[in-house]
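*Asks:* Pasting in a structure now, in structure tokens, and then I'll have a few things to ask.
The values are calculated or read from the model by the stated rules, or taken from the named source; none is laboratory data. Note that this is a predicted model, so its numbers are computed, not measured. We place every Cβ from the backbone using ideal geometry, glycine too, and count neighbours over all the protein chains shown.
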Amino acid sequence: MSRRARALGFLAAALICAILAATVAGRYRSRVEGRYGPLRPVVVSSAELRSGEPLGPERARAEMSIRRVPARFIPPGAIASPAEAIGRAPMATIPPGSYVLDAQLQIPDVEPPPPAPVGSGRRPVQVPVAGAEALLIGGSSPEGSRVDVVVSRQAGLGSSAHARIAASSVKLLALHGPAGPGEGWSATLAVTEEQALALIAAQAAGREIRLLPQP
């Protein structure tokens, strides 16, 4: 028999073995599902998940695995994907080989930063702002920095576009992202009473308010 014929014979034998293995596995799975119910994915800890340590994407992939288990054996609340644990931390240590339950995980408490001081003769006022995303460039929090507050109006019937600095070098106490769909950003500023009244009047008149970070 030639070398080519032997290679084809080995290939055919391997294919037959693969088909037989798949058939046996399929029959075994059918018997298991028929007796215990359908198989479902479930997350099992492959390493010790220590209490209070948040699970990031890398830890979730490395320290958890997915198994397919008959549905009747899966405890209530077991998570089906490691992605469900990302950003959360075990409330108690989970040993290796254990099911990971949703009730075992919580979002870790993060202490909010202390509020920036308002300053003497100033008062906090919250106003909607446009273009606030520009303040986040660089990755650091803009809260506590100094900004110029620009009020502008768009050109309309009988009026031209106009912009002016309504408050200069004021402290940005807090920057708030959109609270829901269709909502915008807002900022809490430490301003004088006169500046506060001017900004509130600009807001009532539908003027656009922007914050310019100082260099």
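*Asks:* Can you name the residue in the range 82-105 that is surrounded by 13 or more Cβ atoms within 10 Å (Cβ to Cβ) and more than 21 Å from the chain's Cα centre (by Cα) and is also farthest from V44 (Cα to Cα) among such residues?
*Replies:* T93
*Asks:* Restricting to the range 90-122, give me the number of residues that are at pLDDT 90 or above and part of a strand (DSSP E or B).
*Replies:* Adding up the residues that qualify gives 5.
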